[in-house]
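Participant: There's a structure below that I have some questions on.
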Amino acid sequence: MIGEKPSYPRFRGRNRYDSFTYPQFGFSLTPGKLHLSKIGGIKIKIHRAIELTIKTCTIRWMPTGKWFACFSIETDVLLLSRRDGPVLGVDVGLKSFATLSNGEKIDNPRFFRSEENDLARVQMKLSNASKCSPERTKALKTVGRVHERIANPRSNFINKGSRGLVDRFGVVASEDLNIKSMLQNGSLAKSISDVA
(Lines give C-alpha, C1' and ligand atoms only; values in the text may rest on other atoms or scores of the structure.)
Protein backbone atom coordinates (compact mmCIF):
# COMPACT_ATOMS: atom_id res chain seq x y z
CA MET A 1 0.00 0.00 0.00
CA ILE A 2 1.11 3.59 -0.66
CA GLY A 3 2.67 5.30 2.35
CA GLU A 4 3.40 2.06 4.21
CA LYS A 5 6.91 1.52 5.57
CA PRO A 6 8.82 -1.41 4.06
CA SER A 7 9.11 -4.46 6.28
CA TYR A 8 12.58 -5.96 6.54
CA PRO A 9 13.44 -9.64 6.94
CA ARG A 10 13.52 -10.70 10.57
CA PHE A 11 16.05 -13.12 12.03
CA ARG A 12 14.27 -16.32 12.97
CA GLY A 13 15.56 -16.98 16.47
CA ARG A 14 15.59 -20.48 17.93
CA ASN A 15 12.94 -19.57 20.52
CA ARG A 16 10.71 -17.50 18.24
CA TYR A 17 8.05 -20.21 17.92
CA ASP A 18 6.74 -22.26 20.84
CA SER A 19 4.26 -24.53 19.04
CA PHE A 20 3.65 -26.50 15.85
CA THR A 21 0.51 -28.13 14.46
CA TYR A 22 -0.23 -31.38 12.65
CA PRO A 23 -3.35 -30.79 10.50
CA GLN A 24 -5.39 -34.04 10.29
CA PHE A 25 -2.44 -36.35 9.60
CA GLY A 26 1.10 -37.01 10.80
CA PHE A 27 0.07 -38.11 14.30
CA SER A 28 -1.69 -41.03 15.95
CA LEU A 29 -2.74 -41.81 19.50
CA THR A 30 -2.37 -45.17 21.24
CA PRO A 31 -2.83 -45.92 24.96
CA GLY A 32 -0.08 -44.03 26.78
CA LYS A 33 1.73 -42.90 23.62
CA LEU A 34 1.50 -40.17 21.00
CA HIS A 35 3.17 -40.97 17.68
CA LEU A 36 4.38 -37.94 15.72
CA SER A 37 5.83 -38.11 12.22
CA LYS A 38 9.59 -37.36 12.01
CA ILE A 39 9.75 -37.48 15.83
CA GLY A 40 8.49 -40.92 16.88
CA GLY A 41 6.56 -42.25 19.87
CA ILE A 42 6.33 -40.08 22.98
CA LYS A 43 4.92 -41.04 26.39
CA ILE A 44 1.81 -38.98 27.13
CA LYS A 45 -0.57 -38.51 30.07
CA ILE A 46 -4.13 -38.05 28.82
CA HIS A 47 -6.30 -36.31 31.43
CA ARG A 48 -9.56 -36.76 29.51
CA ALA A 49 -10.78 -39.59 27.26
CA ILE A 50 -11.02 -38.65 23.57
CA GLU A 51 -14.01 -40.42 22.04
CA LEU A 52 -14.58 -38.39 18.86
CA THR A 53 -12.57 -37.79 15.66
CA ILE A 54 -9.37 -35.83 16.23
CA LYS A 55 -8.89 -33.17 13.54
CA THR A 56 -5.63 -31.43 14.56
CA CYS A 57 -2.84 -31.90 17.08
CA THR A 58 -0.86 -28.90 18.36
CA ILE A 59 2.35 -29.48 20.31
CA ARG A 60 3.16 -26.58 22.64
CA TRP A 61 6.33 -25.86 24.59
CA MET A 62 6.25 -23.89 27.85
CA PRO A 63 9.18 -21.75 29.11
CA THR A 64 9.50 -24.07 32.14
CA GLY A 65 10.41 -26.96 29.82
CA LYS A 66 6.98 -28.66 29.84
CA TRP A 67 5.35 -29.92 26.62
CA PHE A 68 1.61 -30.12 25.98
CA ALA A 69 -0.38 -31.77 23.21
CA CYS A 70 -3.68 -30.02 22.40
CA PHE A 71 -6.22 -31.88 20.27
CA SER A 72 -9.14 -30.32 18.43
CA ILE A 73 -12.01 -32.68 17.69
CA GLU A 74 -14.96 -32.76 15.33
CA THR A 75 -18.38 -32.94 16.93
CA ASP A 76 -22.00 -32.21 16.11
CA VAL A 77 -23.03 -28.73 17.28
CA LEU A 78 -25.52 -29.02 20.09
CA LEU A 79 -27.56 -25.85 20.56
CA LEU A 80 -28.64 -25.57 24.16
CA SER A 81 -31.91 -23.88 24.92
CA ARG A 82 -31.95 -21.09 27.50
CA ARG A 83 -31.94 -22.52 30.99
CA ASP A 84 -34.53 -21.46 33.53
CA GLY A 85 -33.20 -19.48 36.45
CA PRO A 86 -32.72 -15.96 37.79
CA VAL A 87 -31.00 -13.20 35.79
CA LEU A 88 -27.68 -11.94 37.16
CA GLY A 89 -25.64 -8.81 36.47
CA VAL A 90 -21.88 -8.85 37.12
CA ASP A 91 -19.83 -5.71 37.82
CA VAL A 92 -16.08 -6.41 37.78
CA GLY A 93 -13.77 -4.25 39.86
CA LEU A 94 -10.37 -3.94 41.52
CA LYS A 95 -11.24 -3.98 45.24
CA SER A 96 -13.46 -7.02 44.88
CA PHE A 97 -13.07 -9.29 41.86
CA ALA A 98 -16.78 -9.05 41.04
CA THR A 99 -19.92 -7.59 42.59
CA LEU A 100 -23.12 -9.43 41.70
CA SER A 101 -26.52 -7.77 41.27
CA ASN A 102 -27.89 -9.85 44.17
CA GLY A 103 -25.41 -8.17 46.55
CA GLU A 104 -22.78 -10.93 46.69
CA LYS A 105 -19.11 -10.01 46.37
CA ILE A 106 -16.30 -12.23 45.10
CA ASP A 107 -12.97 -11.37 46.76
CA ASN A 108 -9.96 -10.46 44.64
CA PRO A 109 -7.18 -13.02 45.34
CA ARG A 110 -4.41 -10.76 43.83
CA PHE A 111 -2.27 -13.59 42.48
CA PHE A 112 0.33 -11.27 40.93
CA ARG A 113 0.76 -9.14 44.07
CA SER A 114 1.48 -12.24 46.18
CA GLU A 115 4.31 -13.31 43.82
CA GLU A 116 5.53 -9.81 42.87
CA ASN A 117 8.64 -9.80 45.09
CA ASP A 118 9.71 -13.28 43.96
CA LEU A 119 9.26 -12.28 40.31
CA ALA A 120 11.34 -9.11 40.78
CA ARG A 121 14.13 -11.14 42.43
CA VAL A 122 14.35 -13.79 39.68
CA GLN A 123 14.08 -11.18 36.92
CA MET A 124 17.01 -9.31 38.49
CA LYS A 125 19.06 -12.52 38.35
CA LEU A 126 18.06 -12.95 34.70
CA SER A 127 19.09 -9.40 33.76
CA ASN A 128 22.48 -9.86 35.49
CA ALA A 129 23.24 -13.17 33.72
CA SER A 130 25.41 -12.88 30.62
CA LYS A 131 23.89 -13.84 27.25
CA CYS A 132 24.18 -17.44 26.01
CA SER A 133 25.41 -18.67 29.41
CA PRO A 134 24.06 -21.68 31.37
CA GLU A 135 23.14 -19.25 34.19
CA ARG A 136 20.87 -17.30 31.82
CA THR A 137 19.14 -20.49 30.62
CA LYS A 138 18.54 -21.52 34.25
CA ALA A 139 17.31 -18.02 35.17
CA LEU A 140 14.88 -17.99 32.20
CA LYS A 141 13.36 -21.27 33.40
CA THR A 142 13.00 -19.87 36.94
CA VAL A 143 11.24 -16.73 35.65
CA GLY A 144 8.89 -18.94 33.61
CA ARG A 145 8.14 -21.03 36.71
CA VAL A 146 7.14 -17.93 38.72
CA HIS A 147 4.91 -16.73 35.85
CA GLU A 148 3.29 -20.19 35.84
CA ARG A 149 2.69 -19.91 39.60
CA ILE A 150 0.77 -16.70 38.89
CA ALA A 151 -1.09 -17.74 35.72
CA ASN A 152 -2.28 -21.25 36.70
CA PRO A 153 -4.11 -20.37 39.97
CA ARG A 154 -5.59 -17.27 38.30
CA SER A 155 -6.94 -19.33 35.39
CA ASN A 156 -8.28 -21.96 37.82
CA PHE A 157 -10.01 -19.28 39.94
CA ILE A 158 -11.65 -17.61 36.92
CA ASN A 159 -12.83 -20.91 35.38
CA LYS A 160 -14.29 -22.23 38.63
CA GLY A 161 -15.94 -18.89 39.42
CA SER A 162 -17.55 -18.54 35.99
CA ARG A 163 -18.69 -22.18 36.05
CA GLY A 164 -20.31 -21.60 39.45
CA LEU A 165 -22.26 -18.59 38.13
CA VAL A 166 -23.44 -20.47 35.02
CA ASP A 167 -24.68 -23.36 37.17
CA ARG A 168 -26.64 -21.07 39.53
CA PHE A 169 -28.19 -18.56 37.13
CA GLY A 170 -30.17 -18.72 33.88
CA VAL A 171 -28.78 -15.51 32.34
CA VAL A 172 -25.50 -13.79 33.27
CA ALA A 173 -24.89 -10.24 31.96
CA SER A 174 -21.54 -8.48 32.24
CA GLU A 175 -20.39 -4.95 31.44
CA ASP A 176 -18.44 -4.38 28.22
CA LEU A 177 -15.08 -2.85 29.18
CA ASN A 178 -12.34 -1.46 26.94
CA ILE A 179 -9.40 -3.00 28.81
CA LYS A 180 -6.80 -1.75 26.33
CA SER A 181 -7.60 1.90 27.03
CA MET A 182 -7.94 1.23 30.78
CA LEU A 183 -4.37 -0.13 30.84
CA GLN A 184 -3.13 3.29 29.70
CA ASN A 185 -3.73 4.48 33.28
CA GLY A 186 -0.23 4.05 34.77
CA SER A 187 -1.33 3.99 38.40
CA LEU A 188 -3.94 1.24 37.90
CA ALA A 189 -2.46 -0.81 35.03
CA LYS A 190 -0.80 -3.41 37.29
CA SER A 191 -3.96 -3.95 39.35
CA ILE A 192 -6.14 -4.21 36.22
CA SER A 193 -3.78 -6.80 34.70
CA ASP A 194 -3.73 -8.72 37.99
CA VAL A 195 -7.53 -9.06 37.95
CA ALA A 196 -7.28 -10.38 34.37
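Participant: Being closer than 30 Å to LYS43 by Cα, modelled with pLDDT of 75 or more and in a loop (DSSP other than H, G, I, E, B), is that true of even one residue in segment 81-88?
Facilitator: no
Participant: Search segment 27-37 for residues being surrounded by fewer than 14 Cβ atoms within 10 Å (Cβ to Cβ) and touching a residue at least 12 places away in the same chain (Cβ under 8 Å), and hand back the single one that is nearest to ILE59 (Cα to Cα).
Facilitator: Per the criteria, the residue is SER37.
Participant: Being within 22 Å of the chain's Cα centre (by Cα), at negative phi and not assigned by TED's automatic domain parsing to the domain that holds VAL146 is the requirement here; does THR53 meet it? Can you show your working first?
Facilitator: Values: within 22 Å of the chain's Cα centre (by Cα): no; at negative phi: yes; not assigned by TED's automatic domain parsing to the domain that holds VAL146: yes.
In short, no.
Participant: If you go through segment 80-128, how many residues are farther than 21 Å from ASP176 by Cα and under 24 Å from the mean Cα position of the chain (by Cα)?
Facilitator: Residues meeting the conditions: 16.
The values are calculated or read from the model by the stated rules, or taken from the named source; none is laboratory data. Note that the structure is predicted; figures quoted are calculated from it, not measured. Methodologically, a virtual Cβ is constructed for each residue, glycine included, from the backbone with ideal geometry; neighbour enumeration extends over all protein chains shown.
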